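Could you have a look at this structure, given as structure tokens, before my questions?
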């Protein structure tokens, strides 16, 4: 991998996001691709981080919009806050977040630094919210980013492609298919494509 020290970050692959709406028909395909990336990373001893959103029922972790609407979401202990069925989680380090970015209020940056990670491979949902916020915060932490473009989706399909384009143009993130990432001949250098 030309000197890059990667980690795989799988974002919000949780029941609630796939139980209805535009992501529901994409569940099987996304789970399959995320699992393929997880197996690839595990085989190569690349750290895998399973990031999930979770809030407390007492409203102490709720976002402004949740408080304004007085409606909780992804409450600790609820089934819909758990991993989507079929998702491989074994061997992954868990990161629990309460905001869009996996870096906000978590120890993810420290855990990546401990492992000398300088490149994140990002997959999961949703493109324009949690994926984007995590990727741009990675950039702010001086980490390079590869977006696993066919293992990322949005609950707002109209925003998926424009946001992928913007992230790659603005931050010089690379975008690769799952097949290109797991292909042993693929070069995960730090330069954009």
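The values are calculated or read from the model by the stated rules, or taken from the named source; none is laboratory data. Small disclaimer: the values here were computed from a predicted structure and weren't measured. With ideal geometry, Cβ positions are generated from the backbone for all residues, glycine too; neighbour counts draw on all protein chains shown.
Among the residues of region 110-128, what is the count of those that are in contact with a helix residue (DSSP H, G or I) (Cβ under 8 Å, 6 or more places away or on another chain) and over 20 Å from residue 74 (Cα atoms)?
Number of matching residues: 3.
Looking only at region 129-142, filter to residues that are buried (at least 22 other Cβ atoms within 10 Å of the Cβ) and touching a helix residue (DSSP H, G or I) at 6+ places or on another chain (Cβ under 7 Å); which one of those is farthest from residue 161 (Cα to Cα)?
135
From the list 88, 84, pick out the single residue that is in contact (Cβ under 8 Å) with a residue 40 or more places away in the chain and surrounded by 20 or more Cβ atoms within 10 Å (Cβ to Cβ).
Matching residue, one of 88, 84: 84.
Looking at region 102-109, can you tell me whether even one residue there is buried (at least 20 other Cβ atoms within 10 Å of the Cβ) and out of contact with any helix residue (DSSP H, G or I) (no Cβ under 6 Å at 6 or more places or on another chain)?
yes
To continue, here is another question. Condition first: part of a helix (DSSP H, G or I) and over 16 Å from the mean Cα position of the chain (by Cα). Now tell me which residues in region 69-122 satisfy that.
Matches in region 69-122: 69, 79, 80, 110, 113, 114.
Another question, if that's okay. Which ones in region 123-164 are assigned to a helix (DSSP H, G or I), touching a strand residue (DSSP E or B) at 6+ places or on another chain (Cβ under 7 Å) and closer than 24 Å to residue 18 by Cα?
The answer is 127, 130, 131, 134, 135, 160, 164.
When residues of region 9-61 are filtered for being in contact with a strand residue (DSSP E or B) (Cβ under 8 Å, 6 or more places away or on another chain), assigned to a helix (DSSP H, G or I), surrounded by 19 or more Cβ atoms within 10 Å (Cβ to Cβ) and free of Cβ contacts under 8 Å to residues at least 60 places away in the same chain, how many remain?
Result for region 9-61: 1.
Looking at 120, 112, 167 in this structure, which one is touching a strand residue (DSSP E or B) at 6+ places or on another chain (Cβ under 8 Å), closer than 20 Å to residue 14 by Cβ, crowded, with 21+ Cβ neighbours inside 10 Å and at pLDDT 95 or above?
Checking each option against the conditions leaves just 120.
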